[in-house]
1. Compute the acute angle (0 to 90°) between the alpha-carbon long axis of helix 73-83 and the principal axis of greatest extent of the alpha-carbon atoms of the chain; round to the nearest 10°.
2. Using a/c under 1.5 as the rounded threshold, could you call the chain rounded, prolate or oblate? The axes a ≥ b ≥ c are square roots of the C-alpha gyration tensor eigenvalues, and prolate needs a/b larger than b/c, oblate otherwise.
3. Just for the stretch 3-113, what percent of DSSP beta bridges are antiparallel, to the closest 5?
4. Measure nothing but the geometry: give the 0 to 90° angle between the long axis through the Cα atoms of 35-52 and the longest principal axis through the Cα atoms of the chain, rounded to 10°.
5. Hey, which aspartates and glutamates would be in cross-link range of residue 57, C-alpha to C-alpha under 13 Å, not counting anything within fewer than 8 residues on its own chain?
6. Compute the length gained on full extension between residue 30 and residue 52: take 0.36 nm times their separation in residues and subtract their Cα-Cα distance, giving the result in nm to one decimal.
7. Going 7 Å from the Cα of residue 3 in the Cα-to-Cβ direction, what parts of the stretch 57-79 have a backbone nitrogen less than 20 Å from that spot?
8. Label points 7 Å out from Cα along the Cβ direction at residue 17 and residue 37: separation in nm?
Amino acid sequence: MIKRFQVGSRMSQAVSHGGVVHVAGQVADNRKSSLEQQTREVLAKIDALLAEAGTDKSKLLAVTVLLPHIIDFDAMNRVYDAWIDPANPPARACFEARLADPDLRVEMTAIAAI
């Protein structure tokens, strides 16, 4: 059974099927905040969507990080490393990519087991 979470006209914020939840790209609502604050907000959104789907970050399978400025890699990782479950780190990729709004400093997607 497919289940959709926070459905909008263009996309769902998460979709689960077959015991796996796919979290759409999450960005900060406060687009004028620092990279660190945006990273914390994105991770909080991922936590909330995982909880809504009946899982948590200990069951993450993969995370993809998009940074418009790869020079922000270390600063983003300081926040990410404090958030991630160190006993259950997911596979992860990080790319430099232009984001939809020039004020966005980070976007993340995630896949987790339910």
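Just so it is clear, none of the values below were taken in a lab; they were calculated from the coordinates. Because the structure is a prediction, the values reported are computed rather than measured. Don't worry about glycine lacking a Cβ; one is built from the backbone with ideal geometry, like all the others, and counts go over all protein chains shown.
1. 40
2. Oblate, because a/c is 1.5 or more while a/b does not exceed b/c.
3. On the way: 19 of 25 bridges.
Of the beta bridges lying entirely in the stretch 3-113, close to 75 percent run antiparallel.
4. Once rounded, one gets 0 degrees.
5. 47, 81, 85
6. Extra length available between residue 30 and residue 52 comes to 5.7 nm.
7. 57-62
8. In this crude spin-label approximation the distance works out to 3.8 nm.
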